[in-house]
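In what follows, a single structure is set out as structure tokens and then discussed.
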Amino acid sequence: MAFIARKKSAIGLDIGSSSVKLLELEPTKNGSFRLLHFGVESLPPEAIVDGAVMNSNAVVDAIRELVRRMRVRTREVVASVSGHSVIIKRINLPVMTREELEESIQWEAEQYIPFDVKDVHIDVQILDRVGDEAGQMEVLLVAARKELVHEYVSLIHEAGLVPAVIDVDAFAVQNAFELNYDLPSESVALVNIGANTTNICVLHNGISAFTRDITLGGRQVTDEIQRVLNVSFEEAEAMKVGRDDRDASAVVPEEVERVIRTASESIASEVNRSLEFYHTTATGEGFSHIFLSGGGALTPGLAAALLRQAGNRVEIVDPFRRIEIDERTFNPRFLQDTAPQATVAVGLALRRPGDQ
Ligand SMILES: Nc1ncnc2c1ncn2[C@@H]1O[C@H](COP(=O)(O)OP(=O)(O)OP(=O)(O)O)[C@@H](O)[C@H]1O
Ligand SMILES: [Mg+2]
């Protein structure tokens, strides 16, 4: 999928609502990849709200800081959008060529997207050319609001970089997963839990059978700690990730734990509800395995809650599993702590500008 495409190699830039992740991969001789650059720069809590950029200066500064700190030389960027402004649907259409499809999709798409077609960038992928006897084929329709895509494009320009591809978070997660894991014969659910948005994608034979973004993530846990304990965002965040080295008497561990446990249960149940929705609407394909990624996947008790509620195996994705890493350049501890958060950036960095 690509709304804007150019050739050449590029860096993956994941502009998340809690932090910007910049990652560059280098192809190796044996067909694998080596990690060239990876860095994370936090954003102030209200910089991006509901996918909309509220404080573009903060985002541009974060990107510039990453480029400067890591001495990144590549200028071309692959970034991604997600949330309510992105629609991904499998639709059935009469069998036609790619050219015919590109011509007619503007008209066809109208009934599937809740926005005016003039306001969206549309991309299509033919999934099943054979179709059934009725001469139908299955097509993956992806639409993203132009406003949002243009917002990301101008942020990248402002940071002195060149936007090469604007992808979708859920597809980046899928690409990162496919590089690092062998596709099982049964379907798998990929659940990327960020700070504000959770991208859910069910893969069947390597093709997305169901994709949905829900407004939900680690931020919810932080907000709840903040509210219940009446502390600042930074304090609540520190209590959650367990890096609070202030005076121990100032912390109420049992209460924090209880709040985290309750919030984890509620996130797990919303994710489970979406997965159950897939079960009831999709063509009957079940799955046995849920792969979690995104920083929110590290919320204590969340994976266990999901295992209990969904009854599937739950595993946290390691996006660096098959990527060569020089331990003299990258601190293994940093990589281990941030690995789930790097998933989208890995998927974006895998994209070659110009490919579809
Ligand atoms: N060790 C940890 N334990 C608990 N939560 C964590 C941990 N590390 C990161 N998080 C949480 O993960 C979230 C950030 O994850 P991620 O970087 O994937 O989100 P994002 O891409 O910035 O946001 P989004 O995609 O929703 O816009 C934050 O809410 C953060 O508090
Ligand atoms: Mg994210």
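Checking every one of the GluC sites (Glu not before Pro) in the stretch 156-220 against DSSP loop status and a limit of 13 other Cβ atoms within 10 Å picks out E186. Sequence-distant contacts, meaning Cα pairs under 8 Å at least 6 residues apart, place the relative contact order of the stretch 63-168 at 42 percent.
Computed across the stretch 16-148, the Kirkwood radius stands at 17.9 Å (inverse of mean 1/r, all Cα pairs).
Report for the chain the percent antiparallel among DSSP-assigned beta bridges with both residues inside it, nearest 5. In the chain, approximately 70 percent of DSSP beta bridges are antiparallel ones.
Relative to the dominant Cα principal axis of the chain, helix 98-109 is inclined by about 70°. Between L127 and R64, full extension at 0.36 nm per residue minus the direct alpha carbon distance yields a gain of 18.8 nm.
Other residues lying with their Cβ under 12 Å from the Cβ of F291 contribute a combined charge of -1, Lys and Arg counting +1, Asp and Glu -1.
Using the Cβ-Cβ distance between F277 and N30 with R0 = 56 Å, the FRET efficiency computed as 1/(1 + (r/R0)^6) comes to roughly 0.85.
Count neighbours as other Cβ atoms within 10 Å of each site's Cβ, and list the trypsin sites (Lys or Arg not before Pro) in the stretch 257-356 that are DSSP loop with at most 13 such neighbours. Passing both the DSSP loop test and the Cβ count: R321, R322, R328. Across the stretch 182-316, the mean sequence separation of Cα contacts (distance under 8 Å, 6 or more residues apart), normalised by length, yields a relative contact order of 29 percent.
Go through K21/K240; K89/K146; K21/K118 and tell me which ones have a Cα-Cα distance over 25 Å in this structure. Cα-Cα > 25 Å for K21/K118; rest within. When only Cα pairs below 8 angstrom with a gap of at least 6 residues are kept, the chain shows a relative contact order of 22 percent. The length gained by stretching the chain between K89 and S42 to full extension, at 0.36 nm per residue less their Cα-Cα distance, is 13.7 nm.
If you wrap the tightest convex hull around every Cα atom of the stretch 182-316 and split its volume per residue, you get 98 Å³. Give the angle, between 0 and 90 degrees and rounded to the nearest 10, that separates the Cα long axis of helix 253-281 from the longest principal axis of the Cα atoms of the chain. Tilt of helix 253-281: around 10 degrees. Rounded to the nearest 10 degrees, the inclination of helix 169-180 to the longest alpha-carbon principal axis of the chain is 90 degrees. With a Förster radius of 30 Å applied to the beta-carbon distance between R352 and W107, the computed FRET efficiency rounds to 0.45. The modelled label-to-label distance between S288 and S232, using points 7 Å beyond Cα along the C-beta direction, is 5.0 nm.
Over the chain, dividing the summed -39,500 (n - 2.57) contributions of all DSSP H runs of at least 4 residues by the number of residues returns a 222 nm mean residue ellipticity of -11000 deg cm²/dmol. Averaged over residues, the count of other Cβ atoms within 10 Å places the peptides 219-227, 75-83 in the sequence 75-83, 219-227, highest first. Within the straight-line cut-off of under 14 Å between alpha carbons, the aspartates and glutamates reachable from K29 are E324, sequence neighbours fewer than 8 places apart in one chain being disregarded. The gain in end-to-end length when the A134 to V162 segment is fully stretched comes to 5.6 nm, 0.36 nm per residue minus the alpha carbon separation.
Shown in residue order for the stretch 190-203 are the 3J(HN,Hα) couplings computed by the Karplus curve 6.51 cos²θ - 1.76 cosθ + 1.60 at θ = phi - 60°: 9, 10, 9, 9, x, 7, 10, 10, 10, 9, 10, 9, 9, 9 Hz (x for Gly and Pro). For the chain, a Kirkwood hydrodynamic radius built from all Cα pairs, placed in the Stokes-Einstein relation at 10 °C and 1.306 mPa s, yields a translational diffusion coefficient of 75 µm²/s. Applying 1/(1 + (r/R0)^6) with R0 = 45 Å to the Cβ-Cβ distance of T262 and R98 gives a FRET efficiency near 0.35.
For L43, nonlocal amide neighbours, meaning residues 5 or more places apart or on other chains whose placed amide H falls under 5 Å from its own, are S19, V20.
Each value in this text was obtained by applying a stated rule to the coordinates, not by laboratory testing. Only a predicted model underlies this, so the values are computations on that prediction, with no experimental measurement involved. Cβ: placed from backbone, ideal geometry, glycine included. Neighbour counts: every protein chain shown.
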